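Notes follow the structure.
Every number in this text was worked out from the coordinates using simple rules, so none of it is lab data. These numbers come from a predicted model, not from an experiment. Ideal geometry is used to build each Cβ from the backbone, glycine not excepted, and the neighbour counts take in all protein chains shown.
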Amino acid sequence: MQDHYDLPSEDEFDENRPHDSEKQESDAQELDFLARLKQLSDDAQQEAEGRQGAFAFTPEEEAEDQLFGAEFAGDMHNQQESYDLYYAIRRLLMQGLPRGEENKNLRQMVYDEKNLLLRDGVDRPAGGGTIGADSRQGKPSLARSAYEKTQAWANRGGSAYDIFLEYYDLNKQMRFR
């Protein structure tokens, strides 16, 4: 059995290739585009002189030349610490929040505010469904903040409203609200 392929003739092949004048025009457009991009970049660089991205350092801070700490680099990767803190917070809330079916909505509002913080601002979908974030695996720095607030609340015997406001304030600080 023999397969027959229709190969293009030389004329057809040449028709599919861009002509030299078209290629030169395309190259010229690309160079023009790159030149404009470079000019915009240079203009933006001159306007932003003395600034480092989104950080505004004082001359004293720039002179210190310190490396970032280990907690900065490992903040997103220490899952065991986040997990442990999540369950410590949960235990404190279960002991301190009012029990009973009549208080279920109140507890849920506190849990939702806590979880918004621990999920790094990912809120529960309005219609239900998959959230896409796990409160137990959030950033350890957020879990530490939430734990400190929860521990202080438990030590003073605060109300559900008090702990809700603590989480709400943290969420506002982090711009999750």
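Being under 30 Å from the mean Cα position of the chain (by Cα) and either surrounded by fewer than 10 Cβ atoms within 10 Å (Cβ to Cβ) or of a type in the set (Asp, Glu) (or both) is the filter here, so list the residues in region 93-108 that pass it.
Hit for region 93-108 is Asn105, nothing else.
Here's the yes/no breakdown for (1) buried (at least 17 other Cβ atoms within 10 Å of the Cβ); (2) in contact with a Ser or Thr (Cβ under 6 Å, 6 or more places away or on another chain); (3) touching a residue at least 12 places away in the same chain (Cβ under 8 Å):
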residue	(1), (2), (3)
Pro125	no, no, no
Ile131	no, no, yes
Pro140	yes, yes, yes
Glu148	no, no, no
Gly157	no, no, yes
Phe164	yes, no, yes
Met174	no, no, yes
